[in-house]
1. Report, to two decimal places, the Cα Rg of the stretch 102-183 normalised by 2.2 N^0.38 Å (N = number of residues).
2. Identify, among LEU179, LEU13, GLN117, the residue whose Cα sits farthest towards the positive end of the charge dipole of the chain, taking +1 on the Cβ of Lys and Arg and -1 on the Cβ of Asp and Glu, with the dipole about the Cα centre.
3. Express the Stokes-Einstein translational diffusion coefficient of the stretch 64-202 in µm² s⁻¹, to the nearest whole number, given a Kirkwood radius over alpha-carbon pairs, 4 °C and a viscosity of 1.567 mPa s.
4. Filter the trypsin sites (Lys or Arg not before Pro) in the stretch 81-180 to those in DSSP coil with at most 12 other Cβ atoms within 10 Å of their Cβ, and list the result.
5. Tell me, what is the 1.4 Å probe accessible area of GLU143, in Å² to the nearest 10?
6. What is the log10 of I(q)/I(0) for the stretch 170-252, computed with the Debye formula using one identical point scatterer on each Cα and no solvent, at q = 0.17, 0.21, 0.25 Å⁻¹?
7. What part of the accessible area of the chain, given as a whole %, is carbon or sulfur when the probe is 1.4 angstrom?
8. Mind listing the phi-derived Karplus ³J(HN,Hα) values for the stretch 105-119, rounded to whole Hz, using 6.51, -1.76 and 1.60 with θ = phi - 60°, and x for any glycine or proline?
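The values are calculated or read from the model by the stated rules, or taken from the named source; none is laboratory data. Here the structure is a predicted model, which is why all the values come from computation and not from measurement. Cβ placement follows ideal geometry from the backbone for every residue including glycine, while neighbour counts extend to all protein chains displayed. Heads up: the accessible areas ignore ligands, DNA and RNA and are worked out on the full protein's heavy atoms, side chains in. Shrake-Rupley method; radii C 1.70, N 1.55, O 1.52, S 1.80 Å.
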Amino acid sequence: AISYAGLKDRQALTRQWFSLHLPGKADPDLAAACDETLVILQQGRHRRKLQRGAHAANGFRLRLTGLKADPAALEARLQAIAAEGVPNYFGPQRFGYEGGNLADAQQCAREQRLPEQRNRRSRTLSAARSWLFNQVLAGRVAEGSWNRAQEGDLLAFTDSRSHFPATAADLTDPRLAALDLHPTGPLWGAGELPVQGPAAALEQEVAKAAGELPAWLAGAGLSHERRILRLPIGGLTWHYPAPDILQLEFVLPAGCFATAVVRELVTLGEAGQTEHPCDF
């Protein structure tokens, strides 16, 4: 039984723990597993195996090449996202190649069925929830409220799944300005929307425009959950190894996407080239 806390990027040099369930057996000789694509850095015994989602955060080192940008504008943007965070979108990889996972979910919702294969069922449900969340977040970005609390919001801390309703007194909570506390958006499932006021109106509008998806998710046995709308970026640093290369290093909470950070900085070109967007 081999397990891990989460999948890493396919096209990357990654470092992570795996666990092998070998109670009462000798430590295995893993030398034969090493080659030019795999290096075992450390191994040891533990009383518990890894569970999915057990990691607290992910660290990233990204290099953007072929960069075309106004240096002063890019520097100002980097300073801004370091201080203010970015919208916490689900990245395009959540939706599969050319959005195939989302297309599957929409087809299943129209036909009111669930995929029989467990992995495919999980992918389609996740894609549908993620897309609905992104639609709500895009609405909050458009109205300028993605990074501030409104009465009736549910607020949550960065690393906590618990949340509480925002009252008028909570709107000036200093933890909001410190990027410790954030408004949340929906991960759709069964039950009434737990928000009120403007947040509820927007989420109901998104649900109405989404057709069968919300009811399909509720019927699949998923419970309504919440996800923070704002993504704080831990330890963001950057430098330029060459004039057309930007290297970024930062830490994100588990379940958050480095692509959400990159999209706030540059526009990716067709052949992997990058351009700084004209407007922020």
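1. 1.43
2. Going by the charge dipole, the pick is GLN117.
3. 75 µm²/s
4. ARG113, ARG161
5. 90 Å²
6. These q points yield log10 I(q)/I(0) values of -0.82, -0.99, -1.20.
7. Here it works out to 51 percent.
8. So the J values, rounded to whole Hz, are 4, 5, 5, 4, 5, 5, 8, 6, 9, 10, x, 6, 6, 4, 5.
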